[in-house]
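All remarks here apply to the structure that follows.
The values are calculated or read from the model by the stated rules, or taken from the named source; none is laboratory data. Values in this document were obtained by computation on a predicted structure and should not be read as measured data. For neighbour counting, all protein chains shown are included, and Cβ atoms are generated from backbone atoms with ideal geometry for every residue, glycine included.
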Amino acid sequence: MGWAIALHGGAGDIPFSLPEERRAPREATLRHCLDLGVAALRANRPPLDVVELVVRELENSPCYNAGKGSVLTTAGTVEMEACIMDGNTNNCGAVSGLSTVVNAISLARLVMEKTPHIYLAFDGAEAFAREQGVEIMDPSHFITPENIERLKNAKEANRVQIDYTQPIKANSTNDQGDSQIGTVGCVAVDNHGNLASATSTGGLVNKMVGRIGDTPIIGSGTYANPFCAVSATGKGESIIRATVARDVAALMEYKGLSLKEAAAYVVEKVPKGNVGLVAVSANGEVTMPFNTTGMFRACATEEGYSEIAIWPVDSNGISEDSQK
Amino acid sequence: MVGGWAIAVHGGAGVDPALPVERQEEARRVLVRCLTAGAAALRAGALALDVVEMVVRELETDPVFNSGRGSALTRKGTVEMEASIMDGRGRRCGAVSGISTVKNPVSLARLVMERSPHSYLAFDGAEDFARKQGVEMVDNSYFITEENLGMLKLAKAANSIMFDYRVPLTGADTCRASAGLVADVGGEMQMMNGLPISIYAPETVGCVVVDSAGRCAAATSTGGLMNKMNGRIGDSPLIGSGTYACDACAVSCTGEGEAIIRSTLARDVAALMEYKGLGLQEAVDYAVKERLDEGKAGLIAVGRNGEVAMGFNTVGMFRGCATEEGLMEVAIW
């Protein structure tokens, strides 16, 4: 037993040839967020606070697909969504369709704590944000040149682009451009076994206006209960169908699988190239499986293990989800 | 009995024990009509997915239940509907939320599943999609009934003060200063979703079917919670919460949306079967008993073997089922 934390910046077809100038800032952000999360856990902050603060940090970073840096809808706009869940109480909050709220994850938490509801979306969510006085910015604040470029490429290729780490080439041998990347998330457990999960995203490049993905759907992209906390990333439509986050916990509870076994089982059952997740258990275990080329991720445990990675770790005895 | 088609429908869990008899009869008639139509289609070899859509369309169109016409109202007095549909074969799914002008949200959900690259569309984007698909659209006022306008007033009042709704209101809307609690025979206030049961509009309609080929499908549709915040999304459009279908079963839930979401109720029934090896009714009972905590909800389910199961921890659930063996029953309590 001990605390543990894991976070991700999206799973997808991340090319091994990712240039240094695109890789370095992403890794630096993962490191920075991991440090923040670890410091908070060491200071005995509740996991619910920890996952929120880490995801806020990831949202504020322009290099990940959440908050600033969110990918664009087909109309060139940003529609952000997020979800947070408390493993002890199963309390949760979710938001969708945000265009001016700087930290969607914090608004999701306010929905959980300040309304009788769990999920608010679009105009209603924006109105609630104003009532609550959260930080808002003009929609243009969230839009980055990179994402304008991605949208342009996706429209030219006439596809809903999900892999944002590389432009879609006309004759790309990648799959149909449907391998998803994007979404940030964090899961944490303290040394009393309290669990929490948080996920946030801008969604899919060139998505239809009004499209909701897996992130704000409890049990799909985000879940936490007394057994584990899970945050998923990948192709939203596949994650919803497979109720990924809930299934990890259900396998532990109903079938007695360990965290690692349950997570691996779930990831394996989703079509290849479509999913990754981070999860921690009440016992302080961590796992970060994915069936995509890579997943931006980081984790640390009280026992001293820590890892920051993008692709599967080399097989020199250390698997990407080992705990020691 | 193994095999054979089966169908179950619901018109919402959480029924006022003092509901007038004519209202109960009216509800029963609608349920019987829907079951009969569904059973006839199944006898003729229709697919599960088509039957659940057809039956839920019926329920949406009839103003008796809280979906489509007759939907509960938002705090602004408007209607925002949501629905989802899932095909157990392949677990394809479609969902919509924030629908205000589409006559049959469940059909729009199906179109999202079949004609868009996504699984879930909401609000303006969903309405745009609907227009492009040429589905039947009406003014928002079409969905609003006099009765629900009245209920909204009561709900607003109840959110601040409890009162006895059976006493006729004098004036536009009043809360009597000497308001007492509405009590049932047991002397306890029946509450659902923060409202006394007397003014709580049962949420949601749903249908689950297993067809003669053993394919399962589920669909759920609702106007949501009376006096809800605009933009509030409940369990009905959320796959795994209000609706779920896989090879083994199909489930549709109703009741306190937030409790259903928290417990991912529909997925849990299937997970209990798949991962814990429970039978359909066992899984339904376990889910209702163990997963809801303080929450009030109900659900209907069918299994690939032609079984039907229902469970609820509320006072009543409008429901009915029919099987190939000839069973047909409708119940409220």
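In table form, for the structure just shown:
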| item | result |
| --- | --- |
| Hey, B:ASP293 acidic (Asp, Glu) and crowded, with 19+ Cβ neighbours inside 10 Å or not | no |
| Residue within segment B:63-81 that is within 14 Å of another protein chain (Cβ to nearest Cβ), under 21 Å from B:ALA250 (Cβ atoms), acidic (Asp, Glu) and not in a helix (DSSP H, G or I) present | no |
| Those residues of segment B:40-52 which are crowded, with 23+ Cβ neighbours inside 10 Å and either closer than 22 Å to B:ALA331 by Cβ or of a type in the set (D, E, K, R) (or both), in sequence order | B:LEU42, B:VAL51, B:VAL52 |
| B:PHE129, sole failed condition from (1) at pLDDT below 95; (2) assigned to a helix (DSSP H, G or I) | (1) |
| Long-range neighbours under 8 Å by Cβ, at least six apart or interchain, first residue surrounded by 13 or more Cβ atoms within 10 Å (Cβ to Cβ) within segment B:315-333, second of a type in the set (D, E, K, R) and part of a strand (DSSP E or B) | B:GLY320/B:GLU329; B:CYS321/B:GLU329; B:ALA322/B:GLU329; B:VAL330/B:ARG319; B:ALA331/B:ARG319; B:ILE332/B:ARG319 |
| Extreme residue, surrounded by the fewest Cβ atoms within 10 Å (Cβ to Cβ), among residues of segment B:122-163 that are within 14 Å of chain A (Cβ to nearest Cβ) and among the small types (Gly, Ala, Ser) | B:SER160 |
| One residue from A:ALA75, A:ALA66, A:ALA6, A:ALA82 being under 30 Å from A:ALA125 (Cβ atoms), surrounded by fewer than 21 Cβ atoms within 10 Å (Cβ to Cβ) and touching a residue at least 40 places away in the same chain (Cβ under 8 Å) | A:ALA75 |
| B:GLY94 outside any helix (DSSP H, G or I) and surrounded by 24 or more Cβ atoms within 10 Å (Cβ to Cβ) | yes |
| Residue match in segment B:39-53 (condition: among the β-branched types (Val, Ile, Thr) and part of a loop (DSSP other than H, G, I, E, B)) | no |
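Yes or no, residue by residue, for (1) of a type in the set (Ser, Thr, Tyr); (2) within 30 Å of A:ALA129 (Cα to Cα); (3) surrounded by fewer than 24 Cβ atoms within 10 Å (Cβ to Cβ); (4) at the interface with chain A (Cβ under 7 Å from one of its Cβ atoms):
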residue	(1), (2), (3), (4)
B:MET226	no, yes, no, no
B:SER236	yes, yes, no, no
B:GLY255	no, yes, no, no
B:GLU274	no, no, yes, no
B:GLY277	no, no, yes, no
